[in-house]
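Presented below is the structure to which this report refers.
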Amino acid sequence: MGKHKQHSRVGKRLVQVLVSCFVALAIIAAFIYVTYGREIPVLQPAGTIAQQEYILILITVGLGVFVVVPVFILLFWVAVRYRDGNKKAKYDPEFASHHGLEALWWGIPCAIILFLAIITAIATHRLDPYKPLESDVEPVKVQVVALEWKWLFIYPDEGVATVNYMTIPEKTPINLTITADAPMNSLWIPALTGQIYAMTGMSTKLHFMADGVGVYNGATANISGEGYADMTFKVNSVSSGDFDAWVEKSKLSTSLLNTTTYRELAQPAKSDQKTYVLMDTLLYDKIIDKYMMPEQVKQRAREKSATETGASE
Amino acid sequence: MTTRAKEIAETQERKSLGLWVYLMTDCMLFGALFATFATLNTHVGVFGGPSGADLFNLKFVLVETMLLLTSSFTIGLAYLCATRGFKAQSMFWLISTFLLGASFLALELWEFNQLAAEGHGWWSSAFLSAYFVLVGTHGAHIAVGLIWMAVVIFRLLQRNFKQTDVQRLSLLSLFWHFLDIIWIFIFSFVYLIGGMS
Amino acid sequence: MSDLQQFIFGRLTWQDFIHEPIMAGAGIGMIVALIALIGLVTYLKKWKWLWKNWLTTLDPKKIGVMYLIVSVIMLLRGGADALLVRAQQVVNNSNGVELLNSDHFQQIFTAHGSIMIFFVAMGLIFALFNMIVPQQIGARDVAYPFLNSVSFWLFAAGMILINAPMIVGEFSTAGWLAYPPLSGLEYSPGVGVDYWIWSLQIAGIGSLLSGVNFFMTIIKMRAPGMKMMMMPIFTWSVFVTVLLIMTVFPILTVSLGLLSLDRLMDMHFFTTDAGGNPMLYINLIWAWGHPEVYILVLPAFGVFSEVVSTFSSKKIFGYTSMVFALIAIAFFSFVVWLHHFFTMGAGANVNTFFGITTMIIAIPTGVKVFNWIFTMYRGRVRFTTPMLWFMGFVVTFTIGGLTGVMLSVPPADFQFHNSLFLVAHFHNMIIGGVVFGVFSAITYWFPKFTGFKLHEGLGKAAFWCWLIGFILAFGPLYILGFMGAVRRLDHYDPSLGWEGLFIVAAVGVVTIGLGVAFQLLQVTVSIINRKKYKVGPDPWGARTLEWATATPPAEYVFATTPQVKSRDEFWAMKQEGRSFSKKYEDVWLPKNSSVGLLIGLLATGFGLAVVWHMWWAVLLTFVAIVVILVIRLTNDDTEMKLSAEEIARHEAALQRRAA
């Protein structure tokens, strides 16, 4: 009778383990099936900044695993060994303190976090979005305006502007200055760089570089109204020659971007990709100045002319 | 002391300490408002309009401060008289406190009205919004204190001081002193420091 | 006529009652359910009983049950919202099928987040505070029973306001924290954001008052002999939590207040013009918001300390460390808020500081996990449903903590912020931590309040559905985050191939729904079979004082005040053969009061009046609240006596019933 009970208990345990394994494998299989073959830009970076951010992610996970794995092992070992039915395990109800063990799990996480903190301090400064990239290549300047519900990219030096797509030369530093004429948005191109907020009356900066040729997806990462989901854009990284050709072709566009056509563009609506000839190189500044008072505008103009006539940026 | 009497004493002490604790949370409320004021008391926040230096009449504010500080003194006297059973004197000092507090509030409302009439209302700029709300929240607390005071005065006119009334008066005076302290911060950071530049 | 109409009705018009089908259905369903409930109570002639025993009660055990009921109903509403979100993201407007237009979709996820945080999670923890804390410290009641009632009814008022948009008006589309400028008058001129503001503002005042209440309860009403370092860890977790509540809820009051002043009185705190600063709102709201999530999770940690200790038949390992860890977590929770907006451009120095403080919190949290595991070590662990929830918690919360550390590194966060990775992380923490903790608490303490256990099999089925459902629902979201998917999207480019992941996520949410169904079934079956599952006052072999009371506890809870001699006092009493004194004395309990209910109703009216700009009603309800409060607070006759003889008789009856 006892042996029969023991067998059914072992049998029940075996069924439980088999079912658990099956469910776990099924879940893993499902996850692999729906992920396989898709683009995973954060883990497949195509730009220097995204690449460095990716390495940081790996380091963090690696350090974290140092804690997570022991926790899981300990949890399951303790749970199995000290379960109520197991007569072999020692029962010591007064065991409620052990300075050595406590020192271990205060100390080791402290050490791991200290290590990560140092890495964080260095990386945060190195990957500051406001920090220009070090390169011999002349950067391309793009001024970005978040609108309802589209992105406007102004190329002041090239004299063109685009909506919902940004063509850039590969292996060239891109210096973005970003503002909004809309609720708060966030400019994000996961394959190339982390994001930064776009805010009215302010100019944030983002510096990045594409490693090679390709088409990358961009989006806004902060809800900005009804058409928020339509604010996706494409980043076309092309060869230097192709970039120049694109600029020339764009200059032949029949659409002109000045303050009047800008006002139409800024009306709340989603948009297709558009290409403009830039008629007003001060348009970006005017958009920011809209939110500032007259005196501030004069002050900004004074500061700007001071930096332009003075040392280079 | 009977168990019941001990319980009643403990309940009263708990009310006192509880009010203290609540006042600490009120400190956080004012703290957030001060932080807001500090953030918006800038060139951008003023947005081309008048700043504190342009608007604040420090002599006026001094009068307001004197009124409020004196009222803290008079409510202290009211409480001391109450604990010693001097009902008439306590009522006198309490009514004086009410009048001083009400004068403070009236002056403040007049000040607000002046500013608004000149076009410098809370709708003009972020700085003015922050000013009106910070000082106005303090004023709203004063108003609550005055309502409380009126209720206390009214009840005391109706009947003799019971122990619970003396205790309620101690809670009220705690609240009133707290408002005085907040006013000192407002006086210093909004009018004195904020009024310079 | 039109001027009079506008004066009376503010900006309310007939159109505001018309909604599109899904919302109209939900609104009508709500009204029908309410009418059915009223009908049922009338039919059973239970109004007097309801009034006396529930609506006007000041008994914290009953107030706790009311919090529980409201929270569970809100859990179903918030869960329905989640199902709709997942459905929309699976359908993705393909083949022209628009399940939810973007406006509706945005209202739904805003409601989902706001309801889950403010009316489910907060409600559940306040339920636990009310039902457990006084008893754990050997007290009969909280420090301010009347204030406790006011807190609950303000919570209920907020709940009504957040559901009202389904019937009249619309809800906010600005997300659960309503960042300006989107939530300002310029971009959200309708009533939605106002509903959001006032629902939270009113409930928030209730929370703040509860914070003061429980702080004073723990400080002043512990049974004689119970020093602070002898309190149960759950009470310690509540103590630390209410310190957080008291410190940060005023900041929420200010944030919501300033936003409402921008909207109501043309002020310029967060507007895009006249010097307004939306970044200020973000700082203020997160200075509240981060401690808020610790307010939610610390009581869950406390629950696990009780559950693990009881079901391992062992003292909690490292009591002092556990207390210190709670305090450390609470302290650090004040200095991390900027990690919610690393991407707002604060600069490398500021970002570094907040990144480092954020990762430091992982240390005391990890210590707690190890201490729990070592409580099980050399214990005799029984894997009842409450313990299963604990195991699920460790597995999920540890992963969530790892993703939290990943997010705490600012440049990495630049790739995660506002993506579905972030969404997965915080659901990981809240579901794995708070929700699992509350479920553990409910299954653990249920027998104490009802006298019968919950059906174990259904409880375990519910657990596995929740655990597997959670993995299926949020695992894909981590992956989607890496794929560059941002949050709050009502549609996305189908060529990205994200659909499969959303389908898995939808299956996960349905599985969680199945888990909820099992839980509801479990409660129903247990109630029906309560005689079969009947247990005594100490079914688990517990260690703390709340188990030393009768089951269910008498109104006066403890016939005589316990004299506490050690930690785990109940366990010590059992070991040493001690029991409570039988020298009964008169006990004074608070009388019932309808003032709390009235204030809740008036607050609801106030909220509706402000939203619809019915200024006469705003003034009227406000004055009425003040008047009622003055009347109550000047009333000296608020307690009733329970004589020693009555207590003796009641205790004797309890003995007879137990025998």
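Annotations for the structure displayed:
- Matching option when the condition is among the hydrophobic types (A, V, I, L, M, F, W, C), open to solvent by 30 Å² or more (accessible area, probe 1.4 Å) and closer than 29 Å to residue C:277 by Cβ, among C:196, C:153, C:176: C:176
- Hey, residue B:116 surrounded by fewer than 17 Cβ atoms within 10 Å (Cβ to Cβ), assigned to a helix (DSSP H, G or I) and free of Cβ contacts under 8 Å to residues at least 60 places away in the same chain or not: yes
- Subset of the stretch C:534-553 (residues that are more than 26 Å from the chain's Cα centre (by Cα) and more than 23 Å from residue C:314 (Cα to Cα)): C:534, C:550
- Each residue in the stretch C:500-532 was checked for being surrounded by 18 or more Cβ atoms within 10 Å (Cβ to Cβ) and either at pLDDT below 95 or of a type in the set (Asp, Glu) (or both), and 0 pass.
- Residue among A:108, A:59 that alone is in a helix (DSSP H, G or I), more than 7 Å from every other protein chain (Cβ to nearest Cβ) and modelled with pLDDT under 95: A:108
- Matching residues in the stretch C:632-649 - criterion: being open to solvent by less than 80 Å² (accessible area, probe 1.4 Å), closer than 24 Å to residue C:537 by Cβ and part of a helix (DSSP H, G or I): C:644, C:646, C:647, C:648
- Considering the stretch A:117-167, the residues that are of a type in the set (S, T, N, Q) and facing chain C (nearest Cβ under 10 Å) include one that is surrounded by the fewest Cβ atoms within 10 Å (Cβ to Cβ), namely A:120.
- Per the conditions (1) surrounded by fewer than 19 Cβ atoms within 10 Å (Cβ to Cβ); (2) at pLDDT below 95; (3) touching a Ser or Thr at 6+ places or on another chain (Cβ under 7 Å), the sole criterion not satisfied by residue A:201 is (1).
- Residue in the stretch A:73-86 that is without any contact (Cβ under 8 Å) to a residue 40 or more places away in the chain, more than 7 Å from chain C (Cβ to nearest Cβ), open to solvent by less than 40 Å² (accessible area, probe 1.4 Å) and not in a helix (DSSP H, G or I) present: yes
- The stretch C:587-631 - residue that is in contact (Cβ under 8 Å) with a residue 60 or more places away in the chain and within 14 Å of another protein chain (Cβ to nearest Cβ) and, of those, surrounded by the most Cβ atoms within 10 Å (Cβ to Cβ): C:587
- Residues that are within 12 Å of chain C (Cβ to nearest Cβ) number at least 2 in the following helices (runs of 4 or more DSSP H) confined to the stretch B:1-77: B:3-40, B:43-46.
- If the condition is being buried (at least 24 other Cβ atoms within 10 Å of the Cβ) and facing another protein chain (nearest Cβ under 8 Å), then the stretch C:233-249 contributes C:248, C:249.
- Filtered residues of the stretch C:60-106 (kept if farther than 26 Å from residue C:520 by Cβ, assigned to a helix (DSSP H, G or I) and among the charged types (D, E, K, R)): C:103
- Number of positions in the stretch B:1-52 that are among the β-branched types (Val, Ile, Thr) and farther than 25 Å from residue B:186 by Cα: 4
- Only one of the numbered conditions (1) in contact with a strand residue (DSSP E or B) (Cβ under 8 Å, 6 or more places away or on another chain); (2) of a type outside the set (Val, Ile, Thr); (3) away from chain A (no Cβ under 11 Å); (4) crowded, with 24+ Cβ neighbours inside 10 Å is not met by residue C:436, and that is (1).
- Selection of first residues in the stretch C:101-128 that are on the phi < 0 side of the Ramachandran plot and of second residues that are modelled with pLDDT of 95 or more and basic (Lys, Arg), restricted to Cβ pairs under 8 Å at least 6 apart or on distinct chains, gives the following pairs, ordered by first then second residue: C:106/C:488; C:109/C:488; C:111/C:77; C:115/C:77.
- Among residues of the stretch A:185-219 being over 11 Å from residue C:345 (Cβ atoms) and of a type in the set (Phe, Trp, Tyr), the one that is nearest to the other protein chains (Cβ to nearest Cβ) is A:188.
- Residues within the stretch C:30-59 that are touching a Ser or Thr at 6+ places or on another chain (Cβ under 9 Å) and in a helix (DSSP H, G or I), tallied: 2
- Any hit, the stretch C:455-466, residues being more than 18 Å from residue C:383 (Cα to Cα) and either aromatic (Phe, Trp, Tyr) or buried (at least 17 other Cβ atoms within 10 Å of the Cβ) (or both): no
- Evaluated against (1) farther than 28 Å from residue C:279 by Cα; (2) open to solvent by 40 Å² or more (accessible area, probe 1.4 Å); (3) aliphatic (A, V, I, L, M); (4) modelled with pLDDT of 95 or more, residue B:24 falls short on exactly one condition, (1).
- Among (1) more than 26 Å from residue B:23 (Cα to Cα); (2) modelled with pLDDT of 95 or more - the single one residue B:135 does not satisfy: (1)
- Selection count where residues are modelled with pLDDT under 95 and surrounded by 23 or more Cβ atoms within 10 Å (Cβ to Cβ), scope the stretch C:101-137: 0
- Criterion violated by residue C:422 - all others in (1) closer than 30 Å to residue A:84 by Cβ; (2) within 12 Å of chain A (Cβ to nearest Cβ); (3) open to solvent by 20 Å² or more (accessible area, probe 1.4 Å); (4) not basic (Lys, Arg) satisfied: (1)
- Subset of the stretch C:533-554 (residues that are crowded, with 18+ Cβ neighbours inside 10 Å and of a type in the set (D, E, K, R)): C:543, C:546
- Across the stretch C:362-378, the number of residues qualifying as open to solvent by 10 Å² or more (accessible area, probe 1.4 Å) and either in a helix (DSSP H, G or I) or without any contact (Cβ under 8 Å) to a residue 60 or more places away in the chain (or both) comes to 7.
- Just one of the listed residues (C:79, C:96) is closer than 24 Å to residue C:501 by Cα and either at pLDDT 95 or above or β-branched (Val, Ile, Thr) (or both), and it is C:79.
- None of C:343, C:320 is assigned to a helix (DSSP H, G or I) and open to solvent by 10 Å² or more (accessible area, probe 1.4 Å) except C:320.
Residues are listed down the side, and each one gets a yes or a no for (1) part of a helix (DSSP H, G or I); (2) of a type outside the set (D, E, K, R); (3) touching a residue at least 40 places away in the same chain (Cβ under 8 Å); (4) within 11 Å of chain B (Cβ to nearest Cβ):
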{"position": "C:263", "(1), (2), (3), (4)": "yes, no, yes, no"}
{"position": "C:274", "(1), (2), (3), (4)": "no, yes, no, yes"}
{"position": "C:281", "(1), (2), (3), (4)": "yes, yes, yes, yes"}
{"position": "C:284", "(1), (2), (3), (4)": "yes, yes, no, yes"}
{"position": "C:294", "(1), (2), (3), (4)": "yes, yes, yes, no"}
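The values are calculated or read from the model by the stated rules, or taken from the named source; none is laboratory data. Quick caveat: nothing in here was measured; it's all calculated off a predicted structure. Because the Cβ atoms are built from the backbone with ideal geometry, glycine has one as well, and the counts that use them run over all protein chains shown. Accessible surface is based on the protein model in full, side chains and every heavy atom, while ligands, DNA and RNA are left aside. Shrake-Rupley method; radii C 1.70, N 1.55, O 1.52, S 1.80 Å.
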